[in-house]
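All remarks here apply to the structure that follows.
The values are calculated or read from the model by the stated rules, or taken from the named source; none is laboratory data. All values reported here derive from a predicted model rather than from experimental measurement. All Cβ positions, glycine included, derive from the backbone under ideal geometry; neighbour counts span all protein chains shown. Ligands, DNA and RNA are excluded from the accessible area calculation, which covers all protein heavy atoms including side chains. Shrake-Rupley method; radii C 1.70, N 1.55, O 1.52, S 1.80 Å.
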Amino acid sequence: MGISAALGSALQGLDVTSRALEVVSRNVANADTPGYTRKSLTPTSVTVGGVTNGVLAGDVRREVDSLLVQKIRQENSGLGYVKILESYYGQVDYMYGEPGAATAIDTLYNSFQSAMEALVSRPEDYIAREQVLREAQVFAAKLNQMSDDIQALRAQAESEIGDTVGQINDLLTKLGNVNVELAGSVQTELPPPALLDQRDGYLAELSELIDINITEADRGIVHVRTGSGFSLLDPTPGRLQFDERGTVSALSRYDPDSSESGVGSVRIITPNGGEIDLIQDQQIRSGKLAGLLEMRDRHLVDAQAQLDSIAHTLAKALSTVSVDGTAVTSGAQVGFDVDLGAMQPGDSVSITMLVDGVEQRVTLIGVENASTLPLGGDVTPDAGDRVVGIDLSGSPAAIAAQVSAALGPEIAASAPGGSVLRLLDDGGSQAASSGIAYGADGSTLDLSALNGESLTVSTGGSDFTFTFGAATTGQDLQAFIDSVPGLSASIVAGDLSIAGDTADTGFSIAFSDPSVGTATGLAAASHNTSSLTAVRADVTATAAAGQGLGLPLFVDGVLPYTGSLDGNDQQIGFAGRISINPALLADNSLLVVYDSGVLTGDQSRPEELLRRLSEVDYQFSPDTRVAGVTPYEGTISGFIQRTISYQGAVASDIYQAAAAQETVSLQLNERFASESGVNIDQEMARLIELQTAYQANTRVITVFREMMDQLLRI
């Protein structure tokens with residue numbers, strides 16, 4: 001290397017050192033700037049002919065571990081999700097209060113029950129009766145307030161969802177702009193580190209709001225998709241849309257059909273103008289947005305369902321009047337008569353029967369709006385019953401026809417008079433033809449017109465089918481039925497007679513076409529396959545007296561509460577509307593006097609009401625989730641305790657998850673700060689190194705000048 005080359009290398013060294021000092025100064029200046037990552041200069045040697053001949057400054061690089069950044073983004077989504085759940089559930093937890101606290105829901109219910117116990121011992125005491133009403137009012141007011149608070153939280157979540165969608169769109173727009181700047185940056189250099197820091201800052205914010213997957217292309221341009229795969233930035237931004245609803249009530253539920261939905265839906269607008277609902281099928285799986293949706297559409301809906309179930313069961317428990325069916329017979333058929341005169345929408349008739357030896361439970365539920373039918377099987381808590389909705393607006397005969405059609409041939413329903421519904425089993429184990437002459441042995445009855453049709457006899461869980469041919473006679477049919485195990489068939493006085501071999505044998509007859517019944521004189525029916533075990537009507541007392549021991553202590557505003565399913569399910573939101581019957585507030589003696597002639601010292605009604613409050617087990621809907629996907633069965637007090645335990649367990653799980661997630665996120669961010677953040681001590685050490693290098697380079701230049709001066713003096 002010549003002396004001039006030494007000068008060139010020294011000058012290049014000064015340039016590199018100056019550039020490095022500039023990088024250090026920026027690092028120090030931005031040590032506390034959020035999102036700023038430590039930068040470093042990467043000098044490169046200049047080699048000519050295999051000989052190092054100087055140095056160039058090279059590019060400024062960020063000190064970033066891309067895998068660590070990716071992990072932090074993933075944990076950001078989880079953190080945003082659990083922080084929202086923790087924030088909202090903290091308010092729910094406060095709403096329920098500590099079990100046993102003076103204003104806790106279990107304490108208030110126990111106070112109401114205790115007041116009823118006092119009334120049993122002193123029914124004639126005006127103060128005791130007034131205390132029952134006061135405690136009932138306090139408990140109802142607590143349910144009202146909790147219901148209002150839950151819906152206020154849902155409305156808050158609805159508003160926050162709108163704000164969050166706006167933030168996501170804003171960040172996508174900013175990321176789109178960064179992508180444009182990165183694409184337009186100098187292609188011969190690395191992407192500007194400041195733009196990459198800005199990009200990563202936006203991505204960090206976005207990942208806390210919604211779960212995202214990121215693909216980095218050339219020049220640091222990013223493509224962003226949701227965790228479920230829908231494109232948000234590719235590389236220009238997409239747009240989320242949220243149709244926020246101004247009012248949220250207990251009836252406001254999410255529905256994929258926006259015209260039916262009571263709350264807003266988050267949709268992504270595709271480049272061609274199409275829309276994709278991201279709530280449907282849970283396409284948003286983590287982040288703040290997922291937490292808000294989960295609170296609005298699940299946790300708070302569950303909490304409302306629990307309160308509504310408490311209010312519903314309490315009101316129905318006290319007001320229900322159960323009327324057992326009256327045993328009745330008609331020839332060989334046995335069954336029950338039940339009076340539906342007092343039945344209202346929401347009231348029910350419970351039927352227990354045996355069909356082919358298997359117990360079945362059927363619940364008839366009254367409606368007055370035919371458009372409500374058919375009812376779903378989930379309108380009762382009992383997963384084992386078959387629900388049948390009946391339109392009460394028609395005549396008794398029309399109601400009987402509905403019931404008959406729903407129950408099938410095993411049970412006969414009729415209207416014998418008044419408002420009575422008669423239910424009968426399918427009689428004894430005998431059947432006979434009618435109106436067709438079989439002759440002495442059936443051989444003279446020509447059934448060839450039924451060629452290709454069939455008759456099926458079912459008994460003992462097996463089906464036996466007879467197919468008519470071109471030469472079939474009545475005798476052939478008789479012989480076939482007689483060959484069926486457990487049955488016998490004979491021609492008696494010109495009729496085909498069929499009977500079970502024992503009194504317990506049941507069978508049914510079915511045809512491939514009605515013409516088979518016409519030609520054979522037989523009826524498509526079942527015989528001795530069913531028996532009715534019990535029939536009971538549960539109707540709501542709407543008057544404080546004259547309807548038995550049941551008492552409509554609680555009402556829906558000023559209307560009777562029957563659990564009606566007409567229009568909107570009356571149970572939904574009932575906790576927010578439950579109140580005390582004004583008739584009782586006007587005359588508290590009605591807590592005791594249930595009929596004319598009953599004295600105020602009579603204990604019958606208070607004893608019965610207390611029994612229903614403290615001893616009777618009820619079924620609570622699986623929608624409450626307190627017993628998982630199965631109904632909860634127990635007393636009202638037991639259900640309240642279970643609800644408090646459920647909410648406490650959910651809150652505890654959320655708090656623990658939040659603490660664990662915060663710990664993980666904190667550790668990752670500390671590691672990132674250690675690896676990519678600015679360490680002032682390290683920068684100062686680097687500054688000393690650069691100062692030394694600068695002095696060394698200037699010394700080389702000084703020596704070069706001295707040597708040149710000496711050379712010129714020769």
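Of note:
- In region 614-699, GluC sites (Glu not before Pro) in a DSSP loop with at most 12 other beta-carbon atoms within 10 Å: E615
- The mean sequence distance of close C-alpha pairs (under 8 Å, at least 6 residues apart), as a share of the length of region 467-609, puts its relative contact order at 14 percent.
- Between helix 105-121 and the chain: long-axis angle, C-alpha atoms, 0 to 90°, nearest 10: 30 degrees
- Range of Cα positions in region 293-347 per principal axis (Å), largest first: 61, 24, 15
- Helix-only [θ]222 nm of the chain, DSSP H runs n ≥ 4, -39500 (n - 2.57) each, per residue, nearest 500: -14500 deg cm²/dmol
- For region 198-282, the set of GluC sites (Glu not before Pro) satisfying both a DSSP loop assignment and a count of at most 11 other C-beta atoms within 10 Å is given as E260.
- For G634, net neighbour charge (Lys/Arg +1, Asp/Glu -1) across residues whose Cβ lies under 13 Å away: -2
- Normalising the average separation of contacting C-alpha pairs (under 8 angstrom, six or more residues apart) by the number of residues puts the relative contact order of the chain at 18 percent.
- Cα→Cβ-extended label distance, 7 Å offset, between A6 and L373, nm: 11.0 nm
- Where Rh is the Kirkwood radius over Cα pairs, Rg/Rh for the chain: 1.24
- Accessible surface computed residue by residue for region 148-225, with neighbouring protein chains in place and a 1.4 Å probe, gives 42 Å² per residue.
- Inter-label distance for F230 and S330, nm, one decimal - labels placed 7 Å from Cα along Cα-to-Cβ: 5.8 nm
- Percent RCO, i.e. relative contact order, over region 587-714, from Cα pairs under 8 Å lying at least 6 residues apart: 11 percent
- Only beta bridges with both residues in the chain are counted; by DSSP, about 95 percent of them are antiparallel.
- With every protein chain in place, the chain: carbon and sulfur % of accessible area (1.4 Å): 51 percent
- Inter-site label distance for A383 and V180 at 7 Å from Cα along Cβ, in nm: 5.6 nm
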